[in-house]
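Asker: A single structure is presented below for examination.
The values are calculated or read from the model by the stated rules, or taken from the named source; none is laboratory data. Treat the numbers as computed from the prediction; the structure is a model and nothing was measured. Here the Cβ positions follow ideal geometry from the backbone for every residue, glycine too, while neighbour counts run over all protein chains shown. Heads up: the accessible areas ignore ligands, DNA and RNA and are worked out on the full protein's heavy atoms, side chains in. Shrake-Rupley method; radii C 1.70, N 1.55, O 1.52, S 1.80 Å.
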Amino acid sequence: SINAGPWTITSEIVKVASEQEANSLLQTKALGSMEELMVGDIQYFMKVPIIREALQPCPLVSVKGFTKPTRPIAWKGFDLKVESALPLLAVDQSVMNRELLSRPDQYEETWELV
């Protein structure tokens, strides 16, 4: 877990029975209401690629905001001011870039729901 101001941020692998269930969770908005934001109850799901060498999900890092390609579905359509005010987790792109460069012929689209 990461502590950022008053927030404690954790991530965990979510086991799902089907890709349909995973897609349903991925579509869930990070914030259902402003009340959830005020209470600090923010939960969202994202696909995290598996690093073949470690057979683990790619590490997550704290980010100031998302870019268009890195924005999880759960954050699409939110005011960027809200997004920039919160501590967020995203896939460590530097690890992903190294993975793709070192093993482009062996890279597979395998992932975990986090």
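Asker: Within 10 Å, at most 11 other Cβ atoms, and a DSSP state outside H, G, I, E, B define an exposed site. Report the longest part of the chain free of exposed GluC sites (Glu not before Pro).
Answerer: Numbers: sites that count: Glu12, Glu53, Glu108, Glu109.
No qualifying site falls inside 54-107, the longest such stretch.
Asker: About the Cα centre, and with charges only on the beta carbon of Lys, Arg (+1) and Asp, Glu (-1), how big is the dipole of the chain? Nearest 20 debye, please. Walk me through the numbers on the way to the answer.
Answerer: Details: 11 positive and 15 negative charges, 69 e Å.
Magnitude of the dipole: close to 340 debye.
Asker: Right, something else. For the stretch 1-45, what is the charge dipole size about the Cα centre, in debye to the nearest 20, if Lys and Arg each add +1 at the Cβ and Asp and Glu each add -1 at the Cβ?
Answerer: On the way: 2 positive and 6 negative charges, 18 e Å.
Value, rounded to 20: 80 debye.
Asker: By how many degrees, 0 to 90 and rounded to 10, does the Cα axis of helix 93-102 deviate from the longest principal axis of the chain?
Answerer: On a 0 to 90 degree scale, this one is about 10.
Asker: Which is the longest part of the chain that has none of the trypsin sites (Lys or Arg not before Pro) sitting in a DSSP loop with at most 11 other Cβ atoms within 10 Å?
Answerer: Working: sites that count: Lys15, Lys64.
Segment 65-114 is the longest.
Asker: Report the Cα centroid-to-centroid distance between the stretch 76-91 and the stretch 20-35 in angstrom, as an integer.
Answerer: Going from one Cα centre to the other spans 14 Å.
Asker: In whole Å and largest first, what semi-axes does the C-alpha gyration tensor of the stretch 7-85 yield when each eigenvalue is scaled by 5 and square-rooted?
Answerer: Working: eigenvalues 104, 50, 33 Å².
The equivalent ellipsoid of the stretch 7-85 has semi-axes of 23, 16, 13 Å.
Asker: Which of Gly77, Gly32, Gly40 ends up with the largest GNM mean-square fluctuation for the chain, with Cα atoms connected below 10 Å?
Answerer: Between Gly77, Gly32, Gly40, it is Gly77 that shows the largest mean-square fluctuation.
Asker: Okay, next question. With the other protein chains left in place, how much accessible area per residue, in square angstrom, belongs to the chain at a 1.4 angstrom probe?
Answerer: It amounts to 67 Å² per residue over the chain.
Asker: Would you look at the GNM of the chain, springs on alpha carbons closer than 10 Å, and say which of Ala22, Ala85, Ala30 moves the most?
Answerer: Comparing Ala22, Ala85, Ala30 in a Gaussian network model of the chain, the most mobile one is Ala85.
Asker: When the chain is modelled as a GNM with alpha-carbon springs shorter than 10 Å, which of Gln43, Gln20, Gln93 fluctuates the most?
Answerer: Result for the chain, Cα springs under 10 Å: Gln20 fluctuates most.
Asker: Kindly provide the helix-only [θ] at 222 nm of the chain, computed as the sum of -39,500 (n - 2.57) over DSSP H runs of four or more divided by all residues, to the nearest 500 deg cm²/dmol?
Answerer: Mean residue ellipticity, 222 nm, calculated: -7000 deg cm²/dmol.
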